[in-house]
Structures are given as structure tokens and as C-alpha cells.
Amino acid sequence: MTYILAHMAHCIVPSAEEILDKEYPVLDKGFVRLVDYMGGDSRIVQSARVSYGEGTKTVREDGALIDYLLRNEHTSPFEQVVLTFHIKLPIFVARQWIRHRTARVNEISGRYSVMKDECYIPAETDVAFQSTDNKQGRATEAPPAALVQEVRTTLENQQKFVFDGYRDLISQNIAKELARINLPLSTFTEWYWQIDLHNLFHFLRLRCDGHAQKEIRDYAFVMLDICKRVAPLATESFERHQMNGVHFSQAELTALRALLQGKETGLAGKDLERFNEKLTNGRQI
């Protein structure tokens, strides 16, 4: 134990220190800022060497070790790195986000605080029709400009109406926990969100993907850039092997071998559609 304590030195990452408490704007009124971090690439290497011995020393060799660990899913060294974020986001984004249960969260409470009259209005380029082939996605064709403006105005008017009623209830000394119940999902909330690097990579792999809702993707890509400041070698390896990589099922591997031999894949329907998507597009980013 003495040996471990002596060699697990406190990690200072200059590029991370430069951005501490800096607000990165997201959407129209939101932001992400790195409040604190524990460890970086060197902490991953230090913790791995407890098991692997002294091992390598140079940056190049450290990068190779980190790459090996991530590629082979040795996850525990990445859990040694912890990041704490302060995030301002719409409630509907927060409700998607909270499904990642491996983080520690403390959110502003409408029971104790009067909620700010701040709601999300999508940018003109983000207003879209419902997708015809994806029940939870948007179509790629742009609606007419007049309709886009109508949608944005409608959203803004609805938000104003609800917040006028909320403030009226507050002015009558109605309990805040009751006055808040009709507030829209577009209302901005804030929380502190702390997570280790291994589980953060899992979050980013899912939420940077093109299948995720556009608004949460905007937050995910900002956080990916912050990760590059805290643990650049680990993040580079994550992007190469997980975020931009493709995993094949057993049936898909069989189909891939057949394809390389000039044969039919043997897949059909949705299975063939997913297989072709992986070959042509990889992950939708």
C-alpha cells in the first residue's frame, strides 16, 4: 500500500486548468462548464501500472498503453478519472440525460427556488417535420420558412402564457411546489453532474450518435471537447475505437466474410438494412 500511495501522485493537467469554470454556450440559453476534475491520462497509466508494473514511461508508450486498455475494455483504470460539470439545459433534455444512472447529480429544485422564465426556442435550422421512417426522429427536408417562423412564435407564446400563470400563482403565495407543476419541458434547469471517464465515454458514444436527439447531441459534443482537455490520449483512443468504430454481431461477421468472398450476405429485411448502414456510414455522427 505504501508503494501505491507514493506513486499515485496528484495529477494536474494544464489544458484542463485553463478551462475550469469557463462557460461553453449550448443551445440558445444553456451552457456546460467544467467545475472540477480528478486525474487525467497520467492517472489512467498510474492506476494500470499498479497491476502491470512500472511498464512504459514516454508519452508515446503511455498512449499505446491507454489505447490497449480501451481497445480491450479494461475499464477500471478509466474509472480513476472523474469530471464534475455544471450544466444548464432544458428539462426535456435533462429527462433523457438522467437515464445515464452512473453519475452523481444535484439539480436545482422548483420546490425551493422560483424558476427563471427561461425556455428553449429551437433555432430556425432545427425546426423540422416528423420523420416518415423514424418514430422518434426528424425529417431531413426543411419546412417552408413561413411555417418555421410560425412554429417558433407559437412555442414562445405558449411559454409566455404558462410562465405568466406561474408568476401569478407565486405572487399569491401559492406553494412553489404547486405553482411549478404546469411549467413546460422547455424550461431550463441546472445541475451539477459528476461522472468517471469510463461512464462518460459510454454517455458520449450514445449521445454523440446521429440517432440521439439533436439538442442532447449539442451538449455531448461540447463535453467531448472538454474531455480532450482533461484526458487527450484517452479521448483520442475512445474516438478511434468506440465513438467512430463499428461493432458487428455474429451474423453480421458471417455476412461480412461472405461479402469478402464475393457471395451473398444471407441477410434480409431490417438485418440487411442495418448491416449496409454500418458498411456505408459507420456510426451516424
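Each reported figure results from applying straightforward, stated rules to the coordinates on display, with no laboratory input. Everything numeric in this text was worked out from a predicted model, so none of it was measured. Because the Cβ atoms are built from the backbone with ideal geometry, glycine has one as well, and the counts that use them run over all protein chains shown.
Some notes on this structure:
- Footprinting exposure proxy for Ile91, Ile98 (fewest neighbouring C-beta atoms within 10 Å first): Ile98, Ile91
- Two-site FRET efficiency, Val50 against Lys270, from Cβ-Cβ distance with R₀ of 45 Å, rounded to 0.05: 0.50
- Shown is the FRET efficiency for Gln172 and Lys29, computed with R0 = 30 Å from the Cβ-Cβ distance and rounded to the nearest 0.05: 0.65.
- Gyration tensor verdict on segment 107-206 (Cα atoms; rounded if a/c is under 1.5, prolate if a/b is larger than b/c, oblate otherwise): oblate
- Of the peptides 166-176, 119-129, the order by per-residue mean of other Cβ atoms within 10 Å, starting with the highest, comes out as 119-129, 166-176.
- For the chain, built as a Gaussian network whose Cα springs stay under 10 Å, the top-fluctuating residue of Arg33, Arg95, Arg274: Arg274
- Qualifying chymotrypsin sites (Phe, Trp or Tyr not before Pro) in segment 198-250, where qualification requires a DSSP coil assignment and no more than 15 other C-beta atoms within 10 Å, comprise Phe248.
- Remark: Thr254, Thr187 ranked as Thr254, Thr187, counting other beta-carbon atoms within 10 Å and listing the fewest first.
- Taking 31 Å as the limit for the C-alpha separation, the pairs Lys88/Lys228; Lys88/Lys270; Lys135/Lys228; Lys160/Lys214 exceed it in the case of Lys88/Lys270; Lys135/Lys228.
- As a calculated quantity, the FRET efficiency between Glu141 and Glu17 at R0 = 41 Å, using C-beta atoms, amounts to about 0.35.
- Counting beta carbons within 10 Å around each of Thr280, Thr189 and listing the fewest first gives the order Thr280, Thr189.
- DSSP H segments from the chain that extend 30 Å or more along their own axis, Cα-based, with Kyte-Doolittle mean of -1.0 or above: 145-171
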